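First comes the structure, then the notes that go with it.
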Amino acid sequence: QIQPANMQTSPVQVAPVGFWESLWASPKFWQVLPSLITAFMALIVGLILLNFNHWSTRRSARQDHIRMLMDIDNRLIDRPYLWAIYGHTLTPSSEDKKKELEQLMTVTADYRTLQEDALMYACFNMFEAVYDFHRHLGFFSWHKRIVSRLMFWSDRRKADQEYKDSWDRFAKDFFSADGGRRSWELFQRQRNLYSASFQRWVEDFRKHQ
């Protein structure tokens with residue numbers, strides 16, 4: 001049967017191929033897939049190792065801080081008169097011993113001053129180690145603080161904040177001038193022995209007193 005010349009045939013309808021269908025049908029995808037899986041597994045393992053590294057760093061650093069603090073406590077136990085760095089003074093057990101104690105304190109003034117200075121230097125070093133640890137955690141830099149909050153869980157960050165706050169209270173009390181303490185005076189004389197950022201950290205405590 002002959003069709004009229006002016007009659008047009010309808011084009012063949014081809015079903016559209018979706019992205020995923022074309023991807024699954026591509027041989028290149030199956031060649032790249034093992035590399036993608038390997039990269040993903042490497043990323044997961046890297047995050048696990050990074051998390052463990054930060055956990056172990058926190059644990060070892062805090063143990064070092066406690067050891068330094070216990071060493072200072074042992075010195076205070078062995079030599080109670082060194083409590084003078086915290087503003088405490090020795091008191092005689094009775095009025096009869098008061099003159100004897102005053103005479104002893106006068107004779108040993110230079111000796112005790114040197115030992116107090118040595119103990120305060122140990123405290124300065126301890127506080128700088130604690131400050132450097134918290135700087136590593138990103139508490140003193142806004143961009144590090146953002147990265148740290150994104151990387152670590154809220155419970156761990158809360159523990160970090162509580163630990164930092166306790167040390168801040170200790171440092172604020174230590175560097176005060178209450179009770180005739182000489183810690184701030186000694187630090188001012190020897191401040192160049194310490195990093196500039198640590199000096200600013202100590203000065204902030206003085207400004208808020």
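The values are calculated or read from the model by the stated rules, or taken from the named source; none is laboratory data. Everything numeric in this text was worked out from a predicted model, so none of it was measured. As a convention, Cβ positions derive from the backbone with ideal geometry for all residues, glycine included, and neighbour counts pool all protein chains shown. SASA here: full protein model, heavy atoms, side chains in, ligands and nucleic acids out. Shrake-Rupley method; radii C 1.70, N 1.55, O 1.52, S 1.80 Å.
Of Thr108, Thr89, Thr38, the order by accessible heavy-atom surface (1.4 Å probe, DNA, RNA and ligands excluded), from most exposed downward, is Thr89, Thr38, Thr108. For the set Lys172, Lys207, Lys164, Lys158, solvent exposure ranked by accessible area (probe 1.4 Å, protein chains only) runs largest to smallest as Lys207, Lys158, Lys172, Lys164. The label point for Leu43 and the one for Lys172, both projected 7 Å from the Cα toward the Cβ, are 4.3 nm apart.
Taken along the Cα-to-beta-carbon direction at a fixed 7 Å, the label points for Arg206 and Leu69 span 2.5 nm.
Of Ile44, Ile77, the residue with the largest accessible area leads and the full order is Ile77, Ile44 (1.4 Å probe). Projected label points at His136 and Arg59, each 7 Å from Cα along the beta carbon direction, are separated by 1.5 nanometres.
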